[in-house]
Structure formats: C-alpha cells, structure tokens
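Engineer: Okay, handing you the structure first.
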Amino acid sequence: MTETGVQQAITRAHREEWARVVAALAKRFGDLDVAEEAAAEAFATAVERWPADGVPPNPGAWLTTTAHRKAIDRIRRENKRDEKHREAQMSYADDPPEPSGPIGDERLRLIFTCCHPALATEARVALTLRMLGGLTVAEIARAFLVQESAIGQRITRAKAKIKTARIPYRVPLAEDLPARVSAVLTVLFLVFNEGYLATGPGTDPVRHELTAEAIRLTRLMRTLMPTDGEVAGLLALMLLTEARRTARVSSSGELVALGEQDRGSWDAALIAEGHQLVRERLASGVAPGRYQILAAINAVHTSARDVRDTDWSQILALYDQLVRLDPSPIVALNRAIAIAELDGPQVALATLDRLEGKLAGYHAFHAARADLLRRIGLSRESRAAYDKAIELAGNTAEVASLTRRREQLG
Amino acid sequence: MQYLVSVINDNANLATPEEDAAIDVFNDRLQAKGYWVFAGGLGAPGTATVIDNRGGEAMFTDGPFVETKEYVVGFWIIEAPDLDVALKLAAEGSKACNRKVEVRPFL
C-alpha cells in the first residue's frame, strides 16, 4: 500500500473506530481516563507501525486489541507504583473484549455518560467531542476559541466527577430515556450551532469541522436509536441547514439571508436525505417534538425553488405548533418573521414589539426589527435598530451583512 | 456507595407540619427500600461553634465558619448504587422537605 493509502486508512480508522475503541475500553475497565489514554496510544502505535507492517485486515479489531493491551500495561504500572490502590482497581482479564452487536453498542453508553445532566453543559460538549468524536484537546480548544488548558481542565474535572460521584456507564432506564436523549441532542445541537454561526471576532463565520462533527455524531445516534423521532428530527434539521452552507456566506464574507441565497448551490443530496427523514417522521403519526418541527420548517423552506414559492402559511402553522411546545421568546421571534410574510411587516412589528422586554439583548431581535422598519419606510428607526443589532452580533459575516444593510438605507 | 444529601435553606423558617409529614413519608420509603443510612436536622448557623486545635491550645469561636445566605439545615446519608439513583432520591427528598438539596459522594 502507498504511503497516502496508509495515511487514509489511519484517518478512516480514526473516524470509524475511535468511539468504539474508547467505549469498549470504558466498559471493560470502568474508567474513562484509562479508556481515553489507551485508545490514543493505540492510534499512535498504528501511525508508527502501519506504514512498515501494512494496514491490518481488520483495523478496528487490531486497534481494540492494542488499546486493550495498553490499558492493562498502564494499570499494571500504576499498581506497581501505588500498591495501596490495587484493591480499588477494577478487575480485568487478559483476553480481548467480546464484539458487541448494534443493540448493545457500547458507544450508546458512552454518549449518555458524556452527556449526563449532572455535568456542566460546556463539560458535556468537550467530553463528547473528545470521547465520541476523537477530537484532540487542541482541536476542541481551537473550535471554541478557548485556551487549551481550559478545555483540558474541563475534561479532567468531568472525568473525575464521573468516577468519584459514580455517574453510571449505562443506557438510562426507559422512563428516563426521553429526558436523557434530549440532553444528548442538546449537546449535539450546541456543537452544530457553534459551527453554523461561529461567535467571536477573527474566526471563520462558519466552522465546517464543527457542523460536520455534529452531523457525524448525530448520524451515530440515529444508528444507535433508529426509532427515536427527535434523533431523526435533529439529524434532518442539521442536514437541511448544512445543505445551504455554501450559499450562506457570500464571496465578500457576508452572511446571505435565506431569501437571497442562490438556491441552485444548495446541496441537493443533503436536502433529499433531510426531506426523507421528515417524511418518515410524518408517516409515523407520532406527535413531533421540537427538533422534528424545526426540521419540518426547514423542509418547507428547502422545498421552494424560489423564495417567492415559500409556503408561509405552512411555516406559520408549524411555528404555532412549536410555540405550544416551546413558548420561548426566540420561537415567538421567528414566528413573527413568518407573520411578516403573510400579514405584512406592520402586523409583524406589533408582535415583535411585545417581545422587546425579553429579547432586548439579542441581536437577531434588533436585526428582524430593523428589517421590518425598513420595509415600512421608517429609515431612521431602522438605522437605530441596525446599530443595536451590529453592536450585539458576534458573528463576523453577520456583522458585515447588517452593516451593508444599514448603509443601504436611504 | 454513600451520598450526602444536604438540605439547603435560604430563610430562617422551620419545616411546616405539612413538610414534616412529607419528610416522614420519604424517610419511611428510604428505610423500606434499603437506601437509608442516617438523617438529621441541624440547628441554625447561629448555634454553631468553630474549634481550631491545630496550634496546641483549642480556640473556640462563636458562629459558623463562614456566614452565608444559604446554609445547610439538615441532611440525609443514603446508600445508592450510582449517581442516577442518588439524584432520583434527592429529587424526591427536595420535594418532600420543600427545599433545595445538594448531593455529594462520600469518598
């Protein structure tokens, strides 16, 4: 095999096998620290050995066996170093772990442990990207513009809490499952959103590595829980959003509003997959959750070849459904934007103004208001609203787009 | 595995008769299901005395070691297989005593 061939095999193995190796080791040794380090060592060994020895016929099994040996080595070393901890160590055997089927997939336990509600949200995010996604601490730090040491500390603290407080390594009971799945999806959505609308100055407005990672992990969740409606809904929502990625930022680095995007450059394959998922959920006849409704809204948008063909009454009906489930002011804001398309900007503005108390610190509120004021010809008021939106917006491409709109006011 | 479930109070009010009754029901359940280790209510922080005997001569100071708006007024020690079980019991306990609680593992 060529050098590039080996490189590709290692990259593919890392993408496909990392979570499986960590999960198998965590199950066997009951310790995330040991699992993470041994998995990292096994991949480092692959990088060293595969170019000379060739890629093994079953890379996953090779990695699991190697990681398993590394873990045992480490536990032996630690036992020697600290005899009094010997009793506290989990029991282990020398034979490699049993392969497990999709139903008992260890990765599912790993996801639920990393996204446990007793951990802080930011710790859940970092831990999930490290343990499931296989991102290095440096990569996570870069993605979130946080110091590497801070991410390292978050992960270390989370692992220590899991161990000391004994956060269990298992799939939650059926009665707890909806809430726990929702906690997992929150983490995945957070990762996606940070990639989709990256915050902070001096960064790319869209960080594809984060959206791609979020989609990959949500796909994994879908494989592990194929009948869960909200898992399907979140995946569809991500795919339909990701499909518009290249159309969302102009060549000059401005965020392009949905209505002004070049719909021909949307990714047809991702849209088809997203629509298929939405249809599957509609056919299930089960009342949809938040992500399924958001996915359906995006399905309506992506079904229109031209923005003028958008079925706004369908979108408003979906927002009405969403408001009943999630009466947050942000949902009400998006509903008001749909109202503007159906009943005109004046009506929408009245709805929007009732939200001011709750959304005064949210840039999208002022951006929406500025747009409505512009449409009814109130330039001065619109300019003030753009000023406020620009002041509050964190995304560089969004600031550029808002600034241009402000300049275009008469 | 044992967990300390501390009951946090943010005012000087004692438990009402209704709260006391709910706590009794919860305690009975803990005992029946084998989770019970120990429980107790505590006097107000003003009744605390701090002792420091690290220097050879015991020093006694009136009052809690740190004045806070919220303080521990009671606790349960429960035996639970893992944090998920402990959190569920703590949630029931919080409802019974009508106060916030904090869960911490024993080492």
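Read the figures in this text as sums done on the coordinates, not as results from a lab. The shown structure was predicted, so the numbers you read here are calculated from the model rather than taken from an experiment. Every residue, glycine among them, receives a Cβ derived from its backbone with ideal geometry; neighbour counts consider all protein chains shown.
Engineer: Arrange the following residues from fewest to most other Cβ atoms within 10 Å of their Cβ: A:GLU16, A:GLU213.
Structural biologist: Neighbour counts put them in this order, fewest first: A:GLU16, A:GLU213.
Engineer: Just rank A:SER303, A:SER401, A:SER252, fewest to most, by other beta-carbon atoms within 10 angstrom.
Structural biologist: Ascending number of Cβ neighbours within 10 Å: A:SER252, A:SER303, A:SER401.
Engineer: Quick one: helix B:17-32 against the long Cα principal axis of chain B, what's the angle to the nearest 10°, folded into 0 to 90?
Structural biologist: Once rounded, one gets 70 degrees.
Engineer: Please identify the DSSP H helices in chain A that span no less than 27 Å along the helix axis (Cα) and have a mean Kyte-Doolittle hydropathy of 0.5 or more.
Structural biologist: Both cut-offs are met by A:177-196.
Engineer: Taking GluC sites (Glu not before Pro) as exposed when DSSP calls them loop (any state but H, G, I, E, B) and at most 10 other Cβ atoms lie within 10 Å, what is the longest stretch of chain B free of them, the sites themselves excluded?
Structural biologist: Between exposed loop sites, the widest span is B:1-56.
Engineer: Largest first, please: the extent of the C-alpha atoms of chain B along each principal axis, to the nearest Å.
Structural biologist: 46, 33, 19
Engineer: Which of rounded, prolate, oblate describes the stretch A:118-258, given a ≥ b ≥ c as roots of the alpha-carbon gyration tensor eigenvalues and a/c under 1.5 marking rounded, otherwise prolate only if a/b is larger than b/c?
Structural biologist: oblate
Engineer: Another question about this same structure. In peptide A:165-175, what is the residue-averaged number of other protein chain Cβ atoms found within 10 Å of each Cβ?
Structural biologist: Average neighbour count from other chains, rounded to a whole number: 3.
Engineer: Placing unit charges on C-beta atoms (Lys and Arg positive, Asp and Glu negative, everything else neutral), compute the dipole magnitude of the stretch A:300-361 about its Cα centre in debye, rounded to 20.
Structural biologist: Magnitude of the dipole: close to 140 debye.
Engineer: Turning to a different aspect of this structure: Could you list the trypsin sites (Lys or Arg not before Pro) in the stretch A:275-352 that lie in coil according to DSSP, counting only those with at most 12 other Cβ atoms within 10 Å of their Cβ?
Structural biologist: Answer in residue order: A:ARG305.
Engineer: Can you put B:LEU14, A:LEU372, B:LEU83 in order, fewest other beta carbons within 10 Å first?
Structural biologist: Least crowded to most crowded, the residues run B:LEU14, B:LEU83, A:LEU372.
Engineer: Next question, about the same structure. Is the protein assembly as shown best put as rounded, prolate or oblate by its Cα gyration tensor, with a ≥ b ≥ c the root eigenvalues, rounded for a/c under 1.5, and otherwise prolate when a/b is larger than b/c, oblate when not?
Structural biologist: Because a/c hits 1.5 or more and a/b fails to exceed b/c, the protein assembly as shown counts as oblate.
Engineer: From the square roots a ≥ b ≥ c of the eigenvalues of the alpha-carbon gyration tensor of the stretch A:311-410, which class results: rounded (a/c under 1.5), prolate (a/b over b/c), or oblate?
Structural biologist: Since a/c reaches 1.5 and a/b is larger than b/c, the shape of the stretch A:311-410 is classed as prolate.
Engineer: Would you kindly work out the equivalent ellipsoid of the stretch A:3-88 from its C-alpha gyration tensor and give its semi-axes, the square roots of five times the eigenvalues, largest first in whole Å?
Structural biologist: Over the Cα atoms of the stretch A:3-88, the semi-axes work out to 27, 13, 9 Å.
Engineer: Could you tell me the ratio Rg/Rh of the stretch B:50-105? Both radii from Cα atoms, Rh via Kirkwood.
Structural biologist: 1.16
Engineer: Go ahead and estimate [θ] at 222 nm for chain A from helices alone: -39,500 (n - 2.57) per DSSP H run with n ≥ 4, summed, over the residue count, rounded to 500.
Structural biologist: So the helix-based figure for chain A works out to -22500 deg cm²/dmol.
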